[in-house]
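Each remark here refers to the structure printed beneath this line.
Since every read-out is calculated from the coordinates, none of them should be taken as a lab result. The shown structure was predicted, so the numbers you read here are calculated from the model rather than taken from an experiment. Backbone-built Cβ (ideal geometry, glycine too); neighbour counts: all protein chains shown.
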Amino acid sequence: MTMKKKHKNHGNTFHKISMLEQNTADVMALGGQEMIQKQHDLGKLTARERLDALFDAGSFNEVQLFVKHRSHLFGLEGKTIHADGVITGYGKVGGRIVFVAAQDFTSSGGSLGEMHAKKIWKVMDMAFEARKPFIALNDSGGARIQEGVPALDGYGGIFYRNTRASGYIPQITAIMGPTAGGAVYSPALTDWVFMVQNTSYMYITGPDVIKSIIGEEISHEDLGGPLIHSSKNGVCHFSTSNDQDCIKKIQALLSYLPDSCHSPVPILDLGDDPDRIAPELDEIIPNEPSKSYDMKEIIKCIADGGQYFEPHAAWAHNIIVCFIRVMGQTVGVIANNPKYYAGVLDVHASDKAARFIRFCDAFNIPLLTLADVPGYMPGSRQEQLGIISHGAKLLHAYAEATVPKITVVIRKDYGGAYIAMCSKQLGADYVMAWPSAEIAVLGSEAACNIVYRKEIMTAADPQAKRIELAKAYEDHFSNPYFSAGLGIIDEIILPRDTRRKIISLLETLQNKSHAAIAKKHNNIPL
Ligand code: HXC
């Protein structure tokens, strides 16, 4: 009797287990073979394939697999949308826990309805509580049109959570398909935006609406493809060649970042020698002041293994921002790039650097500034674009940053841009200069044209007089010794020693503390 009952129970349990397996398999099948084929034909992976590529094998744990929409509107009644079009969960990337929401375009175009959004809220909340990074893999037709306002409400809840988590946990978005309308704002609220070439686009209004309202004809790609967002406006930090490449780059980025603002920045020892000197740096600065050189060569000589990881590589070329490792520790580098407009600061360069500085500061990543800057870009165009408030963002970002701040003046460091590139008075902990450094209010010729205008104009040979006066100005200001004499530069170093000096400073400054001022928050000039 007992035996029989036990057997019966086993049968019941077995049935329930197979039911779970069957139900799970149904949902896991996404939007069906035909839609999956369509996705593959476009050169896109499915959401599940993306997660397989992202997470360490076998580590992904799906959350709320069985959530369904509950709308009865416009044909949705009785319509099955597996997992409600989004796969949510957590798993390990390089051995570290990360939370994810991956939209499934094969199920009703990955459109976002009420329950779809609530699944995303759930993992965002878990990531927040657990203090772990959050990644969104977007591939969606946007707000689920049939559901109406609850879908918009769903986006609102995501934006709120993005903002609440800002500066607390790293947030990454990959655009791996369409992203239209207000749906673009969650990506823009996160720290890092990746896009996939040829298959992704993001815009506030699509080509059809634009044509009907303003008559402009434009393709998806030209309106909001990765080329536009990575080279024209900086909305996209990383333009990637395909889904696999995108995921590899997300993994690489994560390796530089801490889990949260309360977690240690990961150390990855590449085995580079802390005493390594770089004699090639002694010869990198050309004799002619107007000639450029490759700032990235300097960065490579400083970085462990010569490796750097660069967001915004195609935007605002006149400034470089990138992550490097120094003795295994992540460091954020901000460097003028003399190859583009002589490394001048303009509206975009200021925005690019300021955003990067604020990210690094929020997540306790020390800042290394390499200055070679002739000034702010002059001209009516820059004034109209608001160089005043954009430039102020950079000043604000540096001044409020409390992480270790090390500055190396490589060559020119002129005027307001000298101040902006993490000068001593903006709170640099230590400012070094190469012997080639020139620190002045203006370049010598421009300075003399103003100060000695009368003398030059009345001279028998104005050009010869200009050169003579400029030489005197240059001899006085255009070197690091005047500034070093005032303690504005802490040390003049040999270029070849730059890495060693930075290592010793990072070690020295690692316990840097700061006392927060009792106020709610700064009001950065946005
Ligand atoms: C409901 C949607 C949908 C949406 C796509 N689908 N977008 N369902 N709401 N927003 C469904 C389609 O009906 C179709 O369902 C399936 O997804 C695949 O879509 P297709 O059109 O066949 O795919 P494709 O030809 O590749 O075109 C992709 C697309 C197009 C360009 C994204 O679907 C499209 O234009 N969608 C609407 C985009 C849009 O205007 N969204 C609203 C933006 S406003 P079946 O059942 O046939 O497979 C917005 C406001 C957010 O999002 C505000 C936040 C503050």
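Sequence-distant or interchain residues sharing an amide H contact under 5 Å with A174, placed H: which?
A136, L137, N138, F194
Taking only pairs that are 8 or more places apart or on different chains, how many Lys pairs in region 208-318 have Cα atoms under 23 angstrom apart?
Going through region 208-318 pair by pair, I get 8.
What does the net charge come to around Y203 if you take all other residues with beta carbon closer than 14 Å to its beta carbon, with K and R at +1 and D and E at -1?
On the way: positive: K211, K232; negative: D208, E216, E221, D222.
Charge balance near Y203 sits at -2.
Within the set of other residues whose C-beta is less than 10 Å from the C-beta of V431, count the net charge using Lys and Arg as +1 and Asp and Glu as -1.
Here the charged neighbours net out to -2.
Give the order of L254, L486, L189 when sorted by the count of other beta carbons within 10 angstrom, beginning with the fewest. Kindly include the intermediate steps, with their values, before the conclusion.
Working: L254 21, L486 9, L189 18.
Least to most surrounded, the residues fall as L486, L189, L254.
How large is ³J(HN,Hα) for each residue in region 358-366, as worked out from phi by the Karplus curve 6.51 cos²θ - 1.76 cosθ + 1.60 (θ = phi - 60°), to whole Hz, x for Gly and Pro?
Using θ = phi - 60°, the values come out as 5, 4, 4, 5, 4, 10, 6, 9, x Hz.
Tell me which lysines have Cα within less than 21 Å of K68's Cα, excluding those fewer than 8 residues away on the same chain?
Reachable lysines: K16, K79, K118, K119, K122.
Quick check: Cα centre of region 200-222 to Cα centre of region 404-473, how many Å?
Comparing the Cα centres of region 200-222 and region 404-473, I get a distance of 47 Å.
Please compute the net charge surrounding L469, taking Lys and Arg as +1 and Asp and Glu as -1 over other residues with Cβ under 10 Å from its Cβ.
That sum, taken over residues with Cβ under 10 Å, equals -1.
Under 26 Å between alpha carbons, and skipping anything fewer than 8 positions from K519 in its own chain: which lysines qualify?
K393, K405, K424
Aspartates and glutamates near K471 by alpha-carbon distance under 14 Å, same-chain residues fewer than 8 away left out - which ones?
Candidates past the 8-residue exclusion: E438, E445.
Take the alpha carbon gyration tensor of the chain, find the square roots of its eigenvalues, order them as a ≥ b ≥ c, and report rounded if a/c is under 1.5; if not, report prolate when a/b exceeds b/c, else oblate. Spell out each step's value before the answer.
Numbers: a/c = 2.81, a/b = 1.95, b/c = 1.44.
Prolate is the answer for the chain, as a/c is 1.5 or above and a/b outweighs b/c.
So what's the back-of-envelope 222 nm ellipticity for the chain, counting only DSSP H runs of four-plus at -39500 (n - 2.57) apiece and dividing by all residues, rounded to 500?
That calculation yields -12000 deg cm²/dmol at 222 nm.
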